[in-house]
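Below is one structure, written out as structure tokens; comments come after it.
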Amino acid sequence: MGFPFCGQIRSLQFPHLLFLGLTRHAVVCCLLQPVLDGSINLLHPSSNESSHVQGYCETEATLASSLDFWTVSSDNLIAVLPVDPVKENYVRKVKNCIFSIAFPTPFKSRVRLVAVSKEVLEDILDLDSSVSKTDDFIQLVSGKKIAFGSIPLAHRYGGYQFGIWADQLGDGRAHLIGIYTNSLVVSDDEVWRDQFYNGNITKERGAIVLRAAKSWFRIGSLEILAHYGELELLRTLLDFVIREHFPSVDVKEPNRYVDFLSIVVSETAQLIALWMSVGFAHGVCNTDNFSLLSITIDYGPFGFMENYNPDFVPNTSDDERRYKIGNQASIGMFNLNKLLQALNPLLDARQKQLAAQILEGYPVLYYTRFQKLFKAKLGLLGEREGDDDLIAFLLHLMEKTEADFTMTFRQLSEITQSQLLELNIPQQFWALKTVSKHKLFPAWVSQYLLRLESNMNDSDSERRKRMTTVNPRYVLKNWMAESAVQKAEKNDFSEVHLLQQVLRHPFQKHPAAEKAGYASPTPSWAKDLRVSCSS
């Protein structure tokens, strides 16, 4: 089944509520490395912790100025979901559990904090930003110390990887530590990495990225339990996920799993449409990388499409182009079908029929979200016959002229209708000038301007203002990330910080970003860049 091309990424926005945190090496490292005795320390609260906690609860606006007054906990997970009784860290198959205890192996060399999200620290985690400058914080985010109350966990799951059942997978180089934020830590340790997955292994500097999400449970979390017939544990995990993250579903309702599936199908359609609206390609859309909450996690070698190309694939190991950007909606259907297969053992005959009907509705849900997003990108109001054709016409011209996806829509948000009417495209609108080289561009402009006339109570200035709020001026293109990486390898983190600042507000014009060429054509040195961004 084919799906039209479409796109805004929900996960690029900071979540308002965090449930679980994940630490992960940004580069390749061994699975479940053994921990030497004494190499991991605990961050203990101060002796007067109870009074501080009480005072903190009474004044919600207060930000903790020290990690002494801040704790994380895995209690709500391990109180309900079983943990593997084996405590040693080594690669193995586990059964009848959801987690294994896995302590991180700290770096041996010095570590430095490169970047931290002030918004997440202060607005979500109630930590004053000054805490990030403390030694306790740096040791915590680099894996040398464990926060008091935290029991680092590795999550067990399975999944279909590139369409083939991969059996048990899991968080080998990742640790579930509790609620945390998107910090980046680098060290001078060297790790092995196969950057292009072509057998050419080289050493690179080690790093840890701490990421945040409402939950790290994914389709594969359920698949592994269904695959091994651990149905009571499957039911327990599902009920836990529903209670924690699906408040509209009554966990006591017999049809709760059907209701759960209905929400996941709808939200997955929305998520993939959002990806497509900004040209984002998830590099490994395996079922073990698809969230049950329909948020973007574990995207591996991802990429933002530069020139419009439905065949764009950011993952150099994806030889069959299974996860090319134009396939993402179809892959969503495939993954949701695997979710339904995992749920089926818990459904009766009538519920199975209802669930199958829900899944059959996914293509319509996706296309509806796609159409709505792209109409907003073009500044169209209301419903008019021919809107689909207008969108498809423009995408066709962009594909034939290899126009920049992000900047074509952004420049349509900035150019005036009179300039379009005269087909007078100033040089500053370089992406639109590329599209204008197609002989059918004047015909599309005529149709577009005629459609804009049907916008009720609208003006050209209002249209442009509205469009600049949905069409980003900046996305993280590969050449930008590569430039920042090259500087960071020389201990120059200036561009890492610049990208962090710019991508916080990708719709606003940023002088430093303009100077760096982030809204300009891809530089010649990066034309054949075979580097994908890493999760």
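For Y308, the stated conditions hold: it is at pLDDT 95 or above, open to solvent by less than 40 Å² (accessible area, probe 1.4 Å) and under 30 Å from P523 (Cα atoms). Taking the stretch 347-376 as the range and being assigned to a helix (DSSP H, G or I), open to solvent by less than 20 Å² (accessible area, probe 1.4 Å) and out of contact with any Gly (no Cβ under 8 Å at 6 or more places or on another chain) as the test, the residues that pass are Q351, A355, L359, K375. The criterion of at least 1 residues that are of a type in the set (K, R) and open to solvent by less than 30 Å² (accessible area, probe 1.4 Å) is met, among helices (runs of 4 or more DSSP H) falling completely within the stretch 429-494, by 441-453, 460-467. Out of all the residues in the stretch 500-512, is one or more more than 25 Å from G283 (Cβ to Cβ), of a type in the set (D, E, K, R) and buried (at least 19 other Cβ atoms within 10 Å of the Cβ)? No - not one qualifying residue is present in the stretch 500-512. In the stretch 224-265, which residues are assigned to a helix (DSSP H, G or I) and either farther than 22 Å from N76 by Cα or touching a His at 6+ places or on another chain (Cβ under 8 Å) (or both)? Scanning the stretch 224-265 gives A226, H227, V258, D259, L261, S262, I263, V264, V265.
Whether any residue in the stretch 385-408 is among the hydroxyl-bearing types (S, T, Y), under 30 Å from T236 (Cβ atoms) and in a helix (DSSP H, G or I) is what I want to check. Checked against the condition, which is being among the hydroxyl-bearing types (S, T, Y), under 30 Å from T236 (Cβ atoms) and in a helix (DSSP H, G or I), the stretch 385-408 yields no hits at all. Of all the criteria given as (1) of a type in the set (G, A, S); (2) open to solvent by less than 10 Å² (accessible area, probe 1.4 Å); (3) over 26 Å from V435 (Cα atoms), the one not satisfied by G300 is (2). Restricting attention to the stretch 203-260 and to residues that are acidic (D, E) and open to solvent by 20 Å² or more (accessible area, probe 1.4 Å), the residue that is nearest to L153 (Cα to Cα) turns out to be E244. Is it the case that the stretch 123-136 has a residue that's open to solvent by 20 Å² or more (accessible area, probe 1.4 Å) and assigned to a strand (DSSP E or B)? The answer is no, given that none of the residues of the stretch 123-136 is open to solvent by 20 Å² or more (accessible area, probe 1.4 Å) and assigned to a strand (DSSP E or B).
Which members of the stretch 414-453 meet the condition of being over 33 Å from the mean Cα position of the chain (by Cα) and among the aliphatic types (A, V, I, L, M)? Within the stretch 414-453, L420, L421, L423, I425, L440, A443, V445, L449, L450, L452 meet the criteria. Within the stretch 500-521, the residues that satisfy the criterion of being in a helix (DSSP H, G or I) and either in contact with a strand residue (DSSP E or B) (Cβ under 9 Å, 6 or more places away or on another chain) or of a type in the set (K, R) (or both) are Q500, R504, K515.
Taken over the stretch 82-96, the criterion of being surrounded by 17 or more Cβ atoms within 10 Å (Cβ to Cβ) and closer than 21 Å to L234 by Cβ is satisfied by V83, D84, V94. Of all residues being modelled with pLDDT of 65 or more and not in a strand (DSSP E or B) in the stretch 164-197, which is least open to solvent (accessible area, probe 1.4 Å)? Just the residue, please. Among those residues, the one meeting the criterion is D171. I'm trying to understand the selection: among the residues of the stretch 264-288, which are β-branched (V, I, T) and more than 16 Å from L347 (Cβ to Cβ)? Once the filter is applied, which keeps residues that are β-branched (V, I, T) and more than 16 Å from L347 (Cβ to Cβ), the stretch 264-288 yields T268, I272, V278, V284, T287.
The values are calculated or read from the model by the stated rules, or taken from the named source; none is laboratory data. Note that the structure is predicted; figures quoted are calculated from it, not measured. All Cβ positions, even for glycine, are placed from backbone atoms using ideal geometry, and neighbour counts span all protein chains on display. Calculation scope for accessible area: heavy atoms of the full protein, side chains included, ligands and nucleic acids excluded. Shrake-Rupley method; radii C 1.70, N 1.55, O 1.52, S 1.80 Å.
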